[in-house]
1. Let me spell it out: the conditions are (1) over 23 Å from Gln118 (Cα atoms); (2) hydroxyl-bearing (Ser, Thr, Tyr); (3) surrounded by 14 or more Cβ atoms within 10 Å (Cβ to Cβ), and Thr40 meets all of them except one. Which number is the exception?
2. List the number of the failed condition for Arg64; all other conditions in (1) touching a residue at least 40 places away in the same chain (Cβ under 8 Å); (2) open to solvent by less than 10 Å² (accessible area, probe 1.4 Å) hold.
3. Kindly provide the set of residues from the stretch 43-61 that are farther than 20 Å from Gly132 by Cβ and surrounded by 17 or more Cβ atoms within 10 Å (Cβ to Cβ), ordered by number.
4. Please work out which residue is farthest from Glu91 (Cα to Cα), limiting yourself to the stretch 1-31 and to residues that are touching a residue at least 12 places away in the same chain (Cβ under 8 Å) and among the acidic types (Asp, Glu).
5. Please find, within the stretch 77-136, the residue that is modelled with the highest pLDDT out of those that are in a strand (DSSP E or B), in contact with a Gly (Cβ under 7 Å, 6 or more places away or on another chain) and open to solvent by 60 Å² or more (accessible area, probe 1.4 Å).
6. Kindly indicate whether Val24 is outside any helix (DSSP H, G or I), touching a helix residue (DSSP H, G or I) at 6+ places or on another chain (Cβ under 7 Å) and surrounded by 13 or more Cβ atoms within 10 Å (Cβ to Cβ).
7. Please work out which one of (1) part of a loop (DSSP other than H, G, I, E, B); (2) under 17 Å from Ala129 (Cα atoms); (3) of a type in the set (Ser, Thr, Tyr) is the condition Thr40 fails and give its number.
8. Considering (1) open to solvent by 20 Å² or more (accessible area, probe 1.4 Å); (2) in contact with a strand residue (DSSP E or B) (Cβ under 6 Å, 6 or more places away or on another chain); (3) not hydrophobic (A, V, I, L, M, F, W, C), say which one Gly70 fails and leave the rest.
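The values are calculated or read from the model by the stated rules, or taken from the named source; none is laboratory data. Values in this document were obtained by computation on a predicted structure and should not be read as measured data. Cβ atoms come from the backbone with ideal geometry, glycine included; neighbour counts cover every protein chain shown. Just the protein is used for accessible areas: all its heavy atoms, side chains included, with ligands, DNA and RNA removed. Shrake-Rupley method; radii C 1.70, N 1.55, O 1.52, S 1.80 Å.
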Amino acid sequence: MSKKLFVEIVSPERELWAGEGDMVIAKTVDGEFGVQPGHTPVLAMLASGSVVRVLGGRETGEVRAAVHGGFMSVTDDDRISILAEVAELAEEVDVERAKRALSEVEAEGVSPEDTEAQDRAARARSRLAAAGGDAA
């Protein structure tokens, strides 16, 4: 039997998911990386508006969550904690609402100085990507 990771995805409001998986792929402020059993301990800051994937994490083979900021902790006992400021599992995403939110932000025109609008757009894109929509 191959070794597994124990993964938990939590936000301040609740635990979204906890279980075993083969690999976790997450985007941090330093770039995207994957973690498998035996990985060196790490504490990384999650990128806002990204998707965390737990491969081998369900009977469907994958858990996906849109995350917006927070941290990822990898310990030497193969435990991974995704501690997100805001998070939403793929199956909880209201795709139509996310598409509307993205359209509204894009219609406003997002300038580089408008960090609030950029954040709203990134959140909508990550929600769509987690749900398997057409934004990434």
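1. Looking at each condition in turn, Thr40 falls short on (3).
2. (2)
3. Ala44, Leu46, Ser48
4. This residue is Asp30.
5. Checked the stretch 77-136; the qualifying residue modelled with the highest pLDDT is Leu83.
6. Answer is no for this residue.
7. (2)
8. Tallying (1) open to solvent by 20 Å² or more (accessible area, probe 1.4 Å); (2) in contact with a strand residue (DSSP E or B) (Cβ under 6 Å, 6 or more places away or on another chain); (3) not hydrophobic (A, V, I, L, M, F, W, C), Gly70 fails exactly one: (1).
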